[in-house]
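Before any comments, here is the structure.
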Amino acid sequence: MLKFALLGFLAYRPMTGYDLKQTLQRSTANFWHAELSQIYITLKKLHTEGLVSSVAVEQDSRPDRRVYTITEEGISDLRRWLRTPDTEIHPSKEPFLLKLFFSAPVEKEFLLTQLRIQRDLHQSLVDAYRSQTAAIIATAVARAPHLQRDALLWEATRRAGEVIDEAIVSWLDETIERVRQDF
């Protein structure tokens, strides 16, 4: 899937691996992310497959930057993937839920602290989706009005992150109260 995330971003404009990492962090982190090392490995594979091309750009007092551009073959591959319906739900892994599942032996106050930490983290995400992420989308459209259609879908995925994390905050509030009263 990282392959298609990278191809999708490169369909907007040529970028370096580092640019792609920054773009992922600012746009899709609530549902898709990758480490820089994964990005570079995938870019190398995409280059080998002819889905991207690259050029080295010299920099003063720094190593050369490698800028990647999607090829026609890459655009075709991306469009083929976009037109393939998703017919199943892909389960996610949630380390905190696994830990919570087995936390009966843990002291009540420690468990409550962990739940509150998670609540604060998810509330921070909700706040970021409402302010920072929404502002990034608005700025992108203001600078490039031709991306209005893209922005509609970016907003939909931003809103999904907001709604999901609001639900998690609500669930954590409920769980904190149940643990406080009944644990």
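Can you find even one residue in the range 122-130 that is among the β-branched types (V, I, T), more than 24 Å from M1 (Cα to Cα) and open to solvent by 40 Å² or more (accessible area, probe 1.4 Å)?
So the first thing to find is which residues in the range 122-130 are among the β-branched types (V, I, T), and the list is 126.
Still in the list and also more than 24 Å from M1 (Cα to Cα): 126.
The next check asks that each one be open to solvent by 40 Å² or more (accessible area, probe 1.4 Å); those that pass are none.
No, because not a single residue in the range 122-130 is among the β-branched types (V, I, T), more than 24 Å from M1 (Cα to Cα) and open to solvent by 40 Å² or more (accessible area, probe 1.4 Å).
Take the residues of the range 1-29 that are over 19 Å from G161 (Cα atoms) and of a type in the set (S, T, Y): which is least open to solvent (accessible area, probe 1.4 Å)?
T16
Regarding G50, is this residue small (G, A, S), in a loop (DSSP other than H, G, I, E, B) and modelled with pLDDT of 95 or more? Steps first, please.
Numbers: small (G, A, S): yes; in a loop (DSSP other than H, G, I, E, B): yes; modelled with pLDDT of 95 or more: yes.
Judged against the criteria, G50 is a match.
Can you tell me which condition I136 does not meet? The list is (1) modelled with pLDDT of 95 or more; (2) part of a helix (DSSP H, G or I), and all the others hold.
Unmet for I136, out of (1) modelled with pLDDT of 95 or more; (2) part of a helix (DSSP H, G or I): (1).
Restricting the search to the range 93-108, which residues are surrounded by 10 or more Cβ atoms within 10 Å (Cβ to Cβ) and modelled with pLDDT of 95 or more? Outline the logic, then answer.
Of the residues in the range 93-108, the ones surrounded by 10 or more Cβ atoms within 10 Å (Cβ to Cβ) are 94, 96-100, 103, 106-108.
F96, L97, L98, K99, L100, S103, V106, E107, K108, listed by residue number.
Please go through the range 45-87 and pick out each residue that is open to solvent by 80 Å² or more (accessible area, probe 1.4 Å) and within 12 Å of T16 (Cα to Cα).
Listed by number, the residues that qualify are V55, D64, R65, R66.
I'm told H90 meets every condition in (1) open to solvent by 40 Å² or more (accessible area, probe 1.4 Å); (2) in contact with a Gly (Cβ under 9 Å, 6 or more places away or on another chain); (3) at pLDDT below 95 except one. Can you identify the failing condition by its number?
Unmet for H90, out of (1) open to solvent by 40 Å² or more (accessible area, probe 1.4 Å); (2) in contact with a Gly (Cβ under 9 Å, 6 or more places away or on another chain); (3) at pLDDT below 95: (2).
Does the range 76-83 contain any residue that is out of contact with any strand residue (DSSP E or B) (no Cβ under 8 Å at 6 or more places or on another chain) and closer than 30 Å to I176 by Cβ?
To start, the set of residues in the range 76-83 that are out of contact with any strand residue (DSSP E or B) (no Cβ under 8 Å at 6 or more places or on another chain) comprises 76-77, 79-83.
Filter once more, so that each one left must be closer than 30 Å to I176 by Cβ: none.
Checking the range 76-83: not a single residue is out of contact with any strand residue (DSSP E or B) (no Cβ under 8 Å at 6 or more places or on another chain) and closer than 30 Å to I176 by Cβ.
The values are calculated or read from the model by the stated rules, or taken from the named source; none is laboratory data. None of the values given here were measured: they were computed from a predicted structure. Virtual Cβ from ideal backbone geometry, glycine too; neighbours counted across all protein chains shown. Surface areas here come from the heavy atoms of the whole protein model, side chains and all, with no ligands, DNA or RNA. Shrake-Rupley method; radii C 1.70, N 1.55, O 1.52, S 1.80 Å.
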